[in-house]
Amino acid sequence: MLLIYLFYLRKQRNQQCYMKITPLLAGLLACNMAIAQEIKPYGALPSKAQLEWNDMEYYMFIHFGPNTFTNKEWGHGDEDPKVFNPTHVDARQWARTAKLAGMKGIVLTAKHHDGFCLWPSKYSTHTVRESMYKGDILKELSAACKEYGLKFGVYLSPWDRNHPDYGTPKYNQTFVNTLSEVLSNYGPVFEQWFDGANDGTKPQKYDFTLFNNTVHKLQPNAVIFSDVGPGCRWVGNENGIAGKTNWSTLNIKGYGPGKDAPAQKSLNEGVEDGEAWVPAECDVSIRPGWFYSPDTDDKVKSIQELLTIYYGSVGRNGNLILNVPVDRDGVIHRNDSTRLMEMRRVLDATFKNNLAKTAIVKASATRSNNAAVNVSHLIDGNSKTYWATPDNVTDATITLSFKQPVTFNRLVLQEYIALGQRVKDFTVEVMENGTFKEIAKETTIGHKRILQFPNTTTKEVRIHILDAKACPVISEVGLYKAPVLVSQPVLRRNRQGEVSMVNVSTDQHIFYTLDGSMPDATSQRYIPGQIIPMAKGGVIRAVSLNEEKGKVERSAVTEAIYDVAPANWVPLATDGAESAARAIDGNTGSAWVSSNAAYPHELAVDLSEVLLLKGFTYTPVTKEHAPGIIYGYEFYTSMDGKEWKKSAAGSFANIRNNPVMQSVVFAPTMARYIKLVGTSPAVDGDQQASIAELGIITK
Ligand code: FUL
Ligand code: CA
C-alpha cells in the first residue's frame with residue numbers, strides 16, 4: 001500500500017502534493033531517495049526489437065527480379081518468368097560485400113510489384129521455379145547472412161500485378177499465405193518491409209491488421225516497415241534524407257500505408273509527442289533506380305553523395321537502408337562494391353578516434369542518488385550507460401575541457417532512447433579567446449545526431465541543452481576529426497555539349513581520359529575553366545589528385561557517358577511555348593512547363609539533323625511530388641515533322657517518389673523530329689506537365 005502511495009506521489013508532477021505528506025511518510029521518502037531519483041520514461045517508447053533495430057544504423061537493401069533483366073523499375077507482372085536468368089547467383093558475395101561495407105543486415109525484395117517470387121512459392125506460378133534459375137534465393141541469402149553474421153530481412157509488395165487473386169476478396173488471404181511461407185521457412189527475420197506503392201489502376205483493399213498480426217505471430221522480433229510502421233516508418237522520400245528535426249514518434253491512428261499515409265512532413269520529421277514510437281528508416285538506392293540496369297553502371301553515387309546521405313540519415317536519428325542492386329549475372333557489380341568499400345574506409349577513418357575521451361567532462365547539473373547516472377558515462381563508448389539531470393531540469397550544459405587545444409569537425413550526440421526521446425533544442429559552443437562562440441543551433445537528437453563543421457580548434461566545447469520534453473538522458477558525446485576527402489571532379493555539360501569541371505580547388509589537380517581508360521597522373525591534365533567539346537557524345541573519366549607533404553591522395557573516379565547534345569535543336573511547342581527551350585538547354589535545373597489545361601500535353605523538337613534513334617530520356621523536375629511530373633507517356637518520331645510514328649508508349653514507373661532521369665529504348669528508327677506526349681500525371685489531379693530535360697539515345 002505504502003509503495004503504491006509512493007508510486008502515486010512520484011506520478012504527480014505537481015510538487016505541492018509532497019507538502020501534504022505526513023512527517024512519517026516524509027522520513028520514509030527520504031530513505032527512498034534512490035527510488036525517487038529513478039528516471040521516469042517519457043512519452044511513447046521503443047520496444048526491445050526497435051532498440052536493437054536502431055543500433056543497426058546501416059544495412060543493405062537488394063532489389064533483384066525480372067526488372068533486373070528488362071530495364072524496368074515496375075514490372076507489369078505479365079513478363080515471361082524466363083526473363084529471370086542470372087547465371088552466377090552468389091548470395092555469399094552479396095553478404096560478404098555488405099559485411100565488408102560495415103553494414104549490419106540485408107533486406108531482399110522477395111516479391112516486388114510484378115509478383116515474381118524469388119523463392120518457389122506454393123501460392124504463385126510466377127516464381128524462380130518457372131524461370132531459368134532453378135533455386136531458392138531466399139534460402140541462399142538467409143544462409144549467407146547467417147554465415148557472415150548479418151541480419152536477414154524481407155520485402156514483400158502487397159501490390160501484385162501478376163496474381164490472379166489481386167483485386168478480388170481472396171487476395172488478402174493469398175498475401176497472408178505468401179507472407180507466412182516466407183516468415184516460416186528462412187529463419188529469423190529482423191525486418192518485414194511492406195511497400196505502400198501502387199499505381200492505383202486496380203483497386204484492392206489491403207488488410208494490414210491481418211498482415212501485421214501474421215508477422216507478429218511468426219516473427220515476434222521483426223520490425224515492420226511501412227509508411228506508418230508499426231515498427232519503423234518511411235522517411236517520406238527516396239533520397240535517404242531525414243528532417244533535421246526528427247522525432248521517432250508519430251501519430252498513426254486514422255492513417256495507413258500508401259495513399260492513407262501521413263503528410264510528407266510528418267514522415268520526414270516525425271511528430272513531437274506522437275502517440276507511437278515509429279522511428280524513420282531512410283531508403284535510397286546507390287544508383288538512380290532501384291533495379292540494376294547496365295545503363296546505370298556509370299551512375300553509381302559518388303562518395304560525397306553517399307556521405308551526404310549517411311549524415312542525413314544515420315546522422316539525423318534515422319536508419320539507412322542503402323539499396324545495392326544485384327546485376328544480371330547475379331552478383332553485386334564491382335562499381336557498386338568498390339564505392340561501398342571507399343565509403344567504409346572514410347567512415348572508419350572518421351569515427352576511429354573519439355577526441356572527447358581525453359576531455360574533462362562536466363555538467364551543469366547531474367541527477368544524484370542514481371547509481372546508473374554519471375557524467376563519465378558520456379564518454380565511455382557505451383550507448384547503454386548515460387548521464388541525466390534531476391527532474392524538471394531541462395536546461396543544462398555539458399562541457400568538455402582539454403589540456404591542449406583539439407581540432408575536430410564532427411560532433412556526435414546520442415540520447416538514451418529506451419527512456420523516450422526528449423531533447424528538442426540545443427546549441428554547440430566552442431571557447432574562442434575567452435568566450436564561448438555558438439557554432440550550431442539544432443533541435444532533436446534521438447538515437448544519434450551527427451553534426452559536421454569545418455575544422456575547429458579549441459580547448460573547450462560546450463553542449464547546451466536549451467529545452468527537453470523531460471530531464472535529458474544522454475548516453476554518448478563524441479568529437480572526431482574526419483580526414484580531408486579529396487573531392488571527386490564534378491562534370492557539367494551545357495547545351496552546346498561543352499564539358500567543364502566545377503569545384504576545382506587550387507590544391508587539387510584533375511586528370512581525365514576520353515577513351516574509357518582509367519585516369520591517373522599521366523593522363524590529360526584539366527586546366528580550370530577549360531572546355532572539352534563533346535557535342536556528339538562520348539565517355540569521360542576524371543580523377544582529382546591532391547599532393548600534400550609528399551603523399552598523393554586520389555579521389556574516386558567520376559565517369560560520364562554522354563549522347564548527342566541539344567546544341568542545334570529547336571523546340572516546336574505551342575503548349576507552354578515560352579518555356580520550351582528549357583527542356584533542351586542542357587540544364588536539369590530549368591524546365592518546360594505546359595499550360596494548365598488538362599492532360600495530355602506535348603512537346604515536339606526538331607533535332608536539325610536526321611539521326612538513328614534508339615530511345616529517349618526524360619528528366620523530370622527532380623523534386624519529389626513536384627507538380628508536372630509525367631507518369632503515362634507516348635513518344636513519337638518523324639522525318640518531316642508532319643507524319644508521326646509512335647515509337648514507344650508506357651509509364652515512368654515510381655517517378656513520383658523517385659524523380660530521376662528515365663531512359664526508354666525502342667526499335668531503332670531514323671528521325672529528325674521527336675515528340676514526347678504526357679498522357680497522365682504522376683500526382684493525381686495534377687493538370688500541368690513539365691520536362692526538365694529531354695534527350696535522345698543514339699549509342
Ligand atoms: C517503392 C517502390 O515502388 C520502388 O520500386 C522500390 O521498391 C522502393 C523501395 O519502394 O515504393
Ligand atoms: Ca532544362
| remark: From the Cα centre of segment 384-451 to that of segment 205-256, the distance in Å is 30
| said: I need 368, 680 ordered by Cβ neighbour count within 10 Å, fewest first. | reply: 368, 680
| task | Could I have the simple spin-label model distance between residue 392 and residue 606, label points 7 Å from Cα toward Cβ, reported in nm to one decimal? | result | 8.1
| Positive-pole candidate from 526, 455, 184, dipole of the chain, charges at beta carbon | 455
| query | Zone of residue 92 (label point 7 Å along Cα→Cβ, backbone N under 19 Å): which residues in segment 147-188? | reply | 147-152
| said: Using Cβ contacts closer than 10 Å as the measure, can you line up 88, 63, 112, 126 from fewest to most? | reply: 88, 63, 126, 112
| task | Using R₀ = 22 Å, calculate the FRET efficiency as 1/(1 + (r/R₀)^6) where r is the Cβ-Cβ separation of residue 305 and residue 683; round to 0.05. | result | 0.30
| note | Any lysines whose Cα falls less than 22 Å from that of residue 299, other than same-chain ones fewer than 8 residues away, would be 72, 536, 614, 623, 699
| field | Cβ-Cβ FRET estimate between residue 521 and residue 496, R0 fixed at 22 Å, reported to 0.05 | value | 0.15
| Does segment 78-219 come out rounded, prolate or oblate, given a ≥ b ≥ c as the square roots of the eigenvalues of its C-alpha gyration tensor, rounded meaning a/c under 1.5 and, failing that, prolate meaning a/b above b/c? | oblate
| field | Length gained when the stretch residue 657-residue 369 is fully extended (0.36 nm per residue, less Cα-Cα span) | value | 98.6 nm
| message | Need the C-alpha centroid separation for segment 286-349 versus segment 59-88, integer Å. | response | 19
| said: If each residue of separation counts as 0.36 nm, what is the full-extension length gain between residue 440 and residue 125 once their alpha-carbon separation is subtracted? | reply: 107.7 nm
| Cβ-based net charge around residue 537, under 10 Å, with every Lys or Arg adding one and every Asp or Glu removing one | +2
| task | Set the Förster radius R0 to 30 Å, insert the Cβ-Cβ distance between residue 80 and residue 147 as r into 1/(1 + (r/R0)^6), and round the FRET efficiency to 0.05. | result | 0.35
| message | Let's see if you can work this out: charge +1 on each Lys and Arg Cβ, -1 on each Asp and Glu Cβ, no other charges. What is the dipole magnitude of segment 239-311 about its Cα centre, in debye to the nearest 20? | response | 80
| Stretch gain in nm, segment residue 642-residue 590, where the contour uses 0.36 nm per residue and the Cα spacing is subtracted | 15.9 nm
| query | Using alpha carbons only, how many degrees (0 to 90, rounded to 10) separate the axis of helix 2-11 from the longest principal axis of the chain? | reply | 50
| Anisotropy class of segment 142-276 from Cα gyration tensor, a/c 1.5 cut | oblate
| query | For the pair residue 451 and residue 581, how long in nm is the line joining their label points, each one 7 Å along Cα→Cβ? | reply | 4.6
| query | In whole Å, how far is the Cα centre of segment 565-619 from that of segment 656-697? | reply | 10
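Readers should treat all values here as calculations from the given coordinates under stated rules, not as data from a laboratory. Predicted model, so just to flag it, every value in this text is computed and none were measured. Positions of Cβ are backbone-derived with ideal geometry, glycine not excepted, and every protein chain shown enters the neighbour counts.
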